[in-house]
Amino acid sequence: MTDKLRIGLVGCGGMGNEHLKLIARIPHVSLVGVCDQREARAQRMRAQHQVQAWLDYEKFLDEAKPDIVHICSPSGLHALQGISAAERGIHVLCEKPLDIDLKKVDRLIAVCDKMDVRLGCIFQRRMSAAAGVVQRTIAEGGMGRILSCSVSVKWWRTQHYYDKDDWRGTWALDGGAFSNQGIHSLDQMIWLAGPVAEVEYAHLETASHQLEAEDMGIVVVRFANGARGTIEVTTCCQPDLSTRLEIYGTNGSAALQDATVVRFGLNGEDLMHTLPPKMEQTGGGSDPFAISLAGHDAQIRDFYAAVREHRAPLVDGREARPSVELLTMIYAKAFPNIKLGV
């Protein structure tokens, strides 16, 4: 590996473009190519970022020879594209989720292990220093026995949002509100409360949009530690209301909006004044790109450092897997005959 990390990116849609903007700000890296099967998007990114573009992913990997590939394609392609890169010794940084097919996620993790390449997944809410304090407090037992952890994602998406790309809302490449908009909250609740042992109830439906998958749902879960919780996710809420997580135990409680801690206390004492300054966060409640990229920037920089230092990134494949496992459990409960992924 040269002193400058060679960076490639597949998936030249909106989020891919946001990644490219961040890559351009990071020193000691070189963007060597982008790839998208849709020629118009690939050529737009080629012109905008002054970089060579490919339509064929395998040729892109072989000819651009990146050290790291950012995967910003539809979710149902993530694992297979990651495996192709890892088999060539290329490190993989994947947008959320690692995939919508848990078996393919496990294959991706195994191939990355075998080839000794780093695997990371973008869950930028974990980069908040204040949220990290809450997580460590819970992990060290400061909140006592956790009794409940619940999340709500009450967002709005127009029909045009689903119509503008043929993969959106499909079982093969995307899933619905839980796998796309809700996956960050699934990861966040597992990060704080621990793994989910059982999905006790799941009602998912397509309520107000035309798409294959769900645009709203309510779920009840039992965590491995015995706590209970609810998950409510929708893209039908107009105007959008909130993205919120609430957790409490026998000795304390906390509430987060996106990655921002808005309530934290132990043994009846308010401890908000003890937390680090808030990282800028704005939600994507009605506009998927009306978000701060501070968390993305921090996570990308951590991944590059992990490659240079031969260590695991802060959110590696095994950290990202439980959210896909929970997603699989939810869909299996609500739609027993649905097959996710390509």
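No value in this document is a laboratory result; all are computed from the given coordinates. This is a predicted model, so every value here is computed, not measured. Here the Cβ positions follow ideal geometry from the backbone for every residue, glycine too, while neighbour counts run over all protein chains shown.
Structure above, values below:
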{"item": "Candidate aspartates and glutamates for bridging to LYS164, where Cα separation is under 19 Å - those fewer than 8 sequence places away on the same chain excluded", "result": "GLU18, ASP36, GLU39, ASP174, GLU212, GLU214, ASP215, ASP287"}
{"item": "Inter-label distance, nm, simple model (7 Å from Cα along the C-beta direction), ASP165/ARG136", "result": "3.6"}
{"item": "Straight-distance crosslink candidates among lysines, where the alpha carbon sits under 18 Å from LYS4 and sequence neighbours closer than 8 are dropped", "result": "LYS21, LYS65"}
{"item": "Bins of 5 Å from zero: percent of alpha-carbon pairs in the range 225-272", "result": "5, 16, 22, 21, 18, 10, 6, 2"}
{"item": "Calculated P(r) tail over 36 Å for the chain, as whole % of Cα pairs", "result": "17"}
{"item": "Interchain or long-range residues, amide H under 5 Å from LEU98's placed H", "result": "none"}
{"item": "Qualifying lysines (Cα of each under 18 Å from Cα of LYS104; at least 8 residues distant if same chain)", "result": "LYS96, LYS114, LYS339"}
{"item": "Computed lengthening from ALA129 to ALA110, 0.36 nm per intervening residue step minus Cα-Cα distance", "result": "3.8 nm"}
{"item": "CD proxy at 222 nm, helix term only [per DSSP H run n ≥ 4: -39500 (n - 2.57); per residue of the chain; nearest 500]", "result": "-10000 deg cm²/dmol"}
{"item": "Gain in span if fully extended, ALA332 to ARG318, counting 0.36 nm per residue against the direct Cα distance", "result": "2.9 nm"}
{"item": "Taking the chain and dividing mean pair separation by its residue count, relative contact order in percent (alpha carbons under 8 Å, at least six apart)", "result": "19"}
{"item": "Karplus (6.51, -1.76, 1.60) ³J(HN,Hα), θ = phi - 60°, over the range 190-196, in Hz, Gly and Pro reported as x", "result": "5, 4, 8, 9, x, x, 8"}
{"item": "Likely footprinting exposure, HIS160, HIS203, HIS19, fewest C-beta neighbours within 10 Å first", "result": "HIS160, HIS203, HIS19"}
{"item": "Shape of the range 1-128, Cα gyration tensor, a/c cut at 1.5", "result": "rounded"}
{"item": "Label point distance in nm, GLU309-ASN251, each placed 7 Å from Cα along Cα→Cβ", "result": "2.9"}
{"item": "Highest-MSF residue in the chain out of PHE178, PHE303, PHE60 [GNM, Cα springs under 10 Å]", "result": "PHE60"}
